[in-house]
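Working notes, beginning with the structure itself.
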Amino acid sequence: AASILLLSVLSGSPGVAITIFIIVAALIIAAAEISWRFYFDLLLYPLMFAIVSCIFIALFFGSGTALFELPTPWFTWTIYTSGITTAVATFFRVLGAVSAMFFLVLTTSMNDLFVG
């Protein structure tokens with residue numbers, strides 16, 4: 001689980017994190033026999049936090065070509081293409097990392113975690 005977590009966080013490609021999520025979700029649902037409904041309900045709260053965070057990343061980070069601008073009386077909200085790219089990559093990294101942590105939590109007993 002730790003190596004999957006590191007691979008998800010350190011990979012530069014969202015494809016790696018998506019692949020990790022799919023493989024880990026299949027292992028949790030099929031091999032560990034955890035209900036898919038329980039697993040996706042468990043993913044709901046971290047992913048809601050990640051979505052909100054990625055919206056702020058898209059709004060406040062980035063440079064280069066402006067994708068969207070919304071002028072207000074005090075400042076202009078600008079979303080750049082690099083900000084969207086960073087937000088999408090961050091979201092999928094979070095998705096892969098959270099699924100790796102849930103793999104550890106859902107398949108390992110607390111006794112094994114504290115003894116080993």
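Calculated accessible area for the chain comes out at 65 Å² per residue, all protein chains present (probe 1.4 Å; ligands, DNA, RNA ignored). Please determine, in degrees from 0 to 90 and to the nearest 10, the orientation of helix 81-107 with respect to the longest principal axis defined by the Cα atoms of the chain, where the helix direction is its Cα long axis. Helix 81-107 and the main axis of the chain meet at about 10 degrees. Taking 0.36 nm per residue of separation and subtracting the Cα-Cα distance, full extension of the segment from F60 to S109 would add 13.5 nm. Helical content alone sets the calculated 222 nm signal of the chain at -23000 deg cm²/dmol, taking -39,500 (n - 2.57) per DSSP H segment of four or more residues and averaging over every residue.
The values are calculated or read from the model by the stated rules, or taken from the named source; none is laboratory data. Nothing here was measured: the structure is a model prediction, and the numbers come from that model. Accessible surface is based on the protein model in full, side chains and every heavy atom, while ligands, DNA and RNA are left aside. Shrake-Rupley method; radii C 1.70, N 1.55, O 1.52, S 1.80 Å.
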